[in-house]
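Everything below concerns the one structure shown next.
The values are calculated or read from the model by the stated rules, or taken from the named source; none is laboratory data. Treat the numbers as computed from the prediction; the structure is a model and nothing was measured. Glycine also receives a Cβ, built like all others from the backbone with ideal geometry; neighbour counts cover every protein chain displayed. Surface areas here come from the heavy atoms of the whole protein model, side chains and all, with no ligands, DNA or RNA. Shrake-Rupley method; radii C 1.70, N 1.55, O 1.52, S 1.80 Å.
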Amino acid sequence: MQKSLNKYISDIKKINPDRPINIMEVCGTHTMAISRNGLRQLFPENINLISGPGCPVCVTSLKDIDWILEIVKNYDMQIFTFGDMLRVPGSKNSLQDLKSSGKKINVCYSPMDALNFAISNPKKLTLFIAIGFETTAPLTAVILKRAKENNLNNFFVFSTHKVVPPALEILLEDRKVKIDGFLCPGHVSAIIGSTPYNFIPEKYEIPCVISGFEPMDMVSSVHSILKQITDKKPEVEIQYKRVVKKNGNPEAIKQIYSVFEPSNADWRGLGKIPGSGLCLKESYQKFDSKTKFPVKSIKPKEHPGCDCGKILKGIKKPNQCKLFAKACTPEYPIGPCMVSSEGSCAAYYKYERHGKD
Amino acid sequence: MCLAIPAKIIEITKNTAKVESLGVSKDVDISLLPEAKVGDFVIVHAGFAIQVIDEEEALKTHEYWKEYLDAEKPK
Ligand code: SF4
């Protein structure tokens, strides 16, 4: 393994163009893999690996976080959520704070846990906080279908689900950060396949490689991006062939769009992106916590020093935030990028705090 | 959150499959993979199998996978 890794690195040095190359990864698991395996240090200095909006918890807008917190605060419900959400700071508090003050907040491994609870406890209102990209949205779709089949009246979902490709387009249009290639997410692509990224090489002439998560996968994907750059043949390439097929998982896509429809969504750092959200279709409205549990107006107040928004766009690196590792640590996180196990700030804090930029 | 784990399908009952991953077995939902069958390796995400792993590709690209698949073979 080490041998083939070294071979890739020496090939990279051979074809390396003589200019700065910014390669953006758009998947929190890639972000973690890069930091954990020290990949940044393996590549020549001009190759700059930057994180994009790939961590679902991090890109959730403060307004949505505050909205969730308001619902939890004002209604008596059993809440089910993934562990990463618990400590994400809202404007005033976090789910963890509400849990400490007695709210019933359960960390679940699978959305199915929330559904099963609702089925076994028909008198208890149950809310699943649905977060994630295309990898997770079909799971929520399946449980909503089951909720409907079971005629549940006590089960609700707060959808913050988002789809990835429109966010990439916004980044490319924004041009604040020059992107020379995308490492596309492995498991999002396991669902959507490779075709939704075609506009990137076609319209913007930028290489895309859908990568797996082992160090070898990622090094060979970076190699492919550089090769596409030097050959001037940008395209969408699947490196993670053992899992990603061109058409993705058609059944999962079908499930998503039988329950959800595209909507505008607010992204932290990127703002409102048309068609990038997934909201419940008319026929699933009775499960929508946003309409079933109204709250007073929400006035989100961002922490003035937190640079998460810029980090999610690749404009800044975590160690360029003034609060990084000082006021903001995993123990006392100020922004979501320090909370989530997939956040860039958390990755830098854990593995690259003392290294070079 | 997207950390998906590979596992082998041992048994299928309707929408649920018993899978095994490096000696640990558990139930996962397979409604997103209508064509999955016993013996397939799948990627599991939050209790759901989301894609079948192409064994040939896996073996071609990775020593890691060779080790993994060898470890999963009945001894
Ligand atoms: S270090 Fe903390 S405050 Fe700074 S950007 Fe990251 S999460 Fe925000």
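General observations
- Scanning the range A:173-198 for residues that are surrounded by fewer than 17 Cβ atoms within 10 Å (Cβ to Cβ) and at pLDDT 95 or above, we see that the one that is farthest from the other protein chains (Cβ to nearest Cβ) is A:N198.
- The range A:224-251, residues that are within 13 Å of chain B (Cβ to nearest Cβ) and either part of a helix (DSSP H, G or I) or closer than 18 Å to A:G181 by Cβ (or both): A:S224, A:I238, A:Q239, A:Y240, A:V244, A:P250, A:E251
- All positions within the range A:276-298 that are in contact (Cβ under 8 Å) with a residue 60 or more places away in the chain and of a type in the set (V, I, T): A:V295, A:I298
- A:I273 being in contact (Cβ under 8 Å) with a residue 12 or more places away in the chain, part of a strand (DSSP E or B), open to solvent by less than 20 Å² (accessible area, probe 1.4 Å) and among the aliphatic types (A, V, I, L, M): yes
- Test result for A:D288, more than 16 Å from the ligand (Cβ to nearest atom) and of a type in the set (D, E): yes
- Strands (runs of 3 or more DSSP E) enclosed by chain B - at least 2 residues per element that are at the interface with chain A (Cβ under 8 Å from one of its Cβ atoms) and modelled with pLDDT of 90 or more: B:41-45, B:48-52
- Residue in the range A:36-54 that is in a loop (DSSP other than H, G, I, E, B), open to solvent by less than 40 Å² (accessible area, probe 1.4 Å) and touching a Cys at 6+ places or on another chain (Cβ under 6 Å) present: yes
- Restricting attention to the range A:315-326, the residues that are within 7 Å of the ligand (Cβ to nearest atom) and either farther than 28 Å from A:H187 by Cα or at pLDDT below 90 (or both) add up to 3.
- Criterion (near the ligand (Cβ under 8 Å from one of its atoms) and within 14 Å of chain B (Cβ to nearest Cβ)) met by exactly one of A:G305, A:G343, A:G335: A:G343
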